[in-house]
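Notes follow the structure.
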Amino acid sequence: MGRILAIDYGKKRVGLAVTDPLKIIANKLTTVPSHQIFDFLKDYFQKEEVEKVIIGYPLQMNNEASEAVLYINPFLKRFQKLFPEVPIEQVDERFTSKMAFQTMIDAGLKKKDRQNKGMIDTVSATIILQSYMEQQKFKS
C-alpha cells in the first residue's frame, strides 16, 4: 500500500507533502529547490512506495490556467517521462498559499517563521493533499 505525494511546484522551490501508508493523514515533508526536484523524487521513490502524485495546478477565478503553467507544464512532461509508472493527478491549488499563511498565523507561529517561504510551500502542499483526500472521501 503506497503513499500519496503532493507537490506544490514553484519557480524557486517545491513544497512536498505525503500521506501516511494508510492514507489517513497528510503531513508536510520538505521543501526542495526546483532545480533539485527530480533528484529528490528519484531518491524518494526508491525509498518509499508512492501510489500516486498530486500536483497543485494553478487556475484563475474563471477556471482558466494561470501564467504559472508556463513552468508547471514542462515539469509535468519531464515527470511523466522520468517516472511513467507513477500516476499523476492535477488538483486546483487556488488560494493554497493564502490558506497556508493563515494556517501558520492560526497555529501561533512567530512573524519571522511565517516569512519562511519554504514553510509556506510545504504547508501549501499539505493543504493540497488534505483537500484531495477529502474530495476522494466524498466520491466514495
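Where a number appears in this text, it was derived from the coordinates with a stated rule and is not lab data. No experiment lies behind these values; they were computed from the predicted model shown. Note that we place each Cβ from the backbone using ideal geometry, even for glycine, and neighbour counts take in every protein chain shown.
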Förster-model FRET efficiency, 22 Å R0, K47 and I25, C-beta, rounded to 0.05
0.70
As a quick test, which of the pairs K47/K81; K28/K137; K11/K137; K12/K137; K12/K81; K52/K77 have an alpha carbon distance above 24 angstrom in this structure?
K11/K137; K12/K137
Mind giving me the nanometre distance, one decimal, between the label points for E85 and M1, set 7 Å out from Cα along Cα→Cβ?
2.1 nm
Around I88, which amide H atoms from residues at least 5 apart in sequence, or from another chain, sit under 5 Å from its own amide H, with H modelled in the peptide plane?
V53
Quick note on Y9, Y132, ordering by fewest other C-beta atoms within 10 Å, gives Y132, Y9
What spacing in nm lies between the two simple spin-label points modelled at Q135 and H35, each 7 Å away from Cα in the Cβ direction?
3.3 nm
Which ordering of E85, E51, E134 is given by a fewest-first count of other beta-carbon atoms within 10 Å?
E85, E134, E51
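Order by neighbour count: S34, S124, fewest other Cβ atoms within 10 Å first, most last.
Going from sparsest to densest Cβ surroundings: S34, S124.
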Name the long-range amide H neighbours of L29: under 5 Å, sequence gap of 5 or more, or other chain; modelled H, no Pro or chain starts.
L16, A17, V18
Gain in span if fully extended, R78 to D92, counting 0.36 nm per residue against the direct Cα distance
3.0 nm
Cβ-Cβ cut-off under 9 Å around S34, Lys and Arg +1, Asp and Glu -1: the net charge is +3
